[in-house]
1. Given the criteria crowded, with 24+ Cβ neighbours inside 10 Å and among the β-branched types (Val, Ile, Thr), does ILE178 qualify?
2. Examine the stretch 203-215 for a residue that is in a helix (DSSP H, G or I) and either buried (at least 21 other Cβ atoms within 10 Å of the Cβ) or without any contact (Cβ under 8 Å) to a residue 12 or more places away in the chain (or both), and state whether such a residue exists.
3. So, of the residues in the stretch 373-394 that are in contact (Cβ under 8 Å) with a residue 60 or more places away in the chain and among the small types (Gly, Ala, Ser), which turns out to be surrounded by the fewest Cβ atoms within 10 Å (Cβ to Cβ)?
4. For the stretch 311-348, name all the residues that are among the basic types (Lys, Arg) and open to solvent by 70 Å² or more (accessible area, probe 1.4 Å).
5. On the given criteria, is ALA199 at pLDDT 90 or above and crowded, with 16+ Cβ neighbours inside 10 Å?
6. Looking at TYR292 and the list (1) of a type in the set (Phe, Trp, Tyr); (2) in contact (Cβ under 8 Å) with a residue 40 or more places away in the chain; (3) open to solvent by 10 Å² or more (accessible area, probe 1.4 Å), which single condition is not satisfied?
7. Of all the strands (runs of 3 or more DSSP E) wholly in the stretch 28-94, which have at least 2 residues that are among the aromatic types (Phe, Trp, Tyr) and in contact with a Gly (Cβ under 9 Å, 6 or more places away or on another chain)?
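The values are calculated or read from the model by the stated rules, or taken from the named source; none is laboratory data. From a predicted model like this one, the values you see are computed outputs, not experimental measurements. Cβ sites come from the backbone with ideal geometry, for glycine too, and all protein chains shown count toward neighbours. Each accessible area value is taken on the protein alone, full model and side chains, heavy atoms only, with ligands, DNA and RNA left out. Shrake-Rupley method; radii C 1.70, N 1.55, O 1.52, S 1.80 Å.
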Amino acid sequence: NRSKQLFEEAQRYLPGGVDSPVRAFKVVGGTPIFIRRGQGPSLHDEDGNEFIDYLGSWGPLILGHAHPRVVKAVQKMVEGGSSFGAPTEMETTMAKLICEAMPSIELVRFVSSGTEAAMSAIRLARAFTGRNKVVKFAGCYHGHSDGLLAKAGPGMATLGIPSSPGVPAALTSDTLVIPYNNPEAVEQIFKDFASDVAAVIVEPIAGNMGVVLPQHGFLEQIRSLTLRYGALLIFDEVITGFRVAYGGAQSLYNIYPDLTCLGKIVGGGFPVGAYGGRRDIMEMMAPLGPVYQAGTLAGNPVAMTAGIETLSILKELKVYEELDQKSSRLVKGIVEAACKARRDIQLNRAGSMFTIFFTKEPVTDYATATKSDTEVYAKFFHKMLSLGVYFPPAQFEAAFISLAHTDKDI
């Protein structure tokens, strides 16, 4: 009842009562629960209910909620100030950690969100190559900047069309949208637009149409073609960076992009984004070069402090084997339960991130993902919620395991 009252009040002041659409539970129905606090593996709502949390604030809380070391470090930082709009040592410390973890990144620039990171990386790629067109993949999400809010038009390799009102067609006409995991489409796009392609941006492991892993050779092909035709390769590792491995998905597949976008875990639960890559490319950024990008809250000292503490813990404890074991056990149990219930599911997992798709056939791209039964997922979501388990309130999203989840939780 308390959440219902709060949602009714919120709708008087916020569009749809929320600050991000998926929070409204529109795709699963019902009233969203309002969270009071998080602790370890659990969320506590305004009605006094406790939930095992497999959402993890959409990915960044790899240590769980309110990890004592992160809390202590942030409290100490806030006592000395929360924002300066001037350089701090924390920015350099965090940059060192990122560059050491990901050798493809020689210089890094901090921003305040993943949207800013992707938008800025694309601007930089266009400036560096002197070209305009950008290739993205259907179902991959790179933030809500106008040029990337594009969906595929008719045909296999096509000019993007706006996926939201308010986005002029001219701003998506240089975005080329093709199917994920489709080598033929990648080949064709370079045959058709070779001299015009500035960059290919891709989630090396997709997490925004649900978890979809790259098929063997797919990322290698993209890397080969971008090198051959002089385009840049941008890995959007906002979700996968420090999640699937300390060095991100690029370390798992041993494929190194020209530019990388980061976020989520790098902020330790606070708003942050980052993009980085080859020195010769990054040196085009102002104040060294002519490409402009700025932000008052970029490199915010509180976010940097939380991120440094989070990455330090991940590096010290070597947690990825433990996270993988927990995730494997949970996924195995869910598959066994589905078999007993005679329910068709596909369960895609990459390390400590996974998605339950309610469909018969394997999910390898956006087209096969959308064949999932969203009505069944909505029933599953609400039943799990009633049993004290919080999954993403949408079929086409990733769920996450944290270090805080215990064997009992699993």
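1. Values: crowded, with 24+ Cβ neighbours inside 10 Å: no; among the β-branched types (Val, Ile, Thr): yes.
Here the answer is no, as ILE178 does not meet what is asked.
2. So in the stretch 203-215, the residues in a helix (DSSP H, G or I) come out as none.
Checked against the condition, which is being in a helix (DSSP H, G or I) and either buried (at least 21 other Cβ atoms within 10 Å of the Cβ) or without any contact (Cβ under 8 Å) to a residue 12 or more places away in the chain (or both), the stretch 203-215 yields no hits at all.
3. We begin by selecting, within the stretch 373-394, every residue in contact (Cβ under 8 Å) with a residue 60 or more places away in the chain; these are 374, 377-378, 381-382, 385, 388-394.
Then keep just the ones that are among the small types (Gly, Ala, Ser); that gives 378, 388, 394.
Details: ALA378: 19, GLY388: 12, ALA394: 18.
My answer is GLY388.
4. First, the residues of the stretch 311-348 that are among the basic types (Lys, Arg): 315, 318, 326, 329, 332, 340, 342-343.
Within the stretch 311-348, LYS315, LYS318, ARG329, LYS332, LYS340, ARG342, ARG343 meet the criteria.
5. Numbers: at pLDDT 90 or above: yes; crowded, with 16+ Cβ neighbours inside 10 Å: yes.
Spelling it out, ALA199 is indeed at pLDDT 90 or above and crowded, with 16+ Cβ neighbours inside 10 Å.
6. The one condition TYR292 does not meet is (2).
7. Numbers: elements: 35-39, 42-45, 50-53.
Strands (runs of 3 or more DSSP E) meeting the threshold: none at all.
Here is a yes/no grid of residues against (1) at pLDDT below 95; (2) open to solvent by 20 Å² or more (accessible area, probe 1.4 Å); (3) under 21 Å from THR310 (Cβ atoms):
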{"position": "ILE33", "(1), (2), (3)": "no, yes, no"}
{"position": "HIS67", "(1), (2), (3)": "no, yes, yes"}
{"position": "LYS72", "(1), (2), (3)": "no, yes, yes"}
{"position": "THR93", "(1), (2), (3)": "no, yes, yes"}
{"position": "GLU100", "(1), (2), (3)": "no, yes, yes"}
{"position": "SER120", "(1), (2), (3)": "no, no, no"}
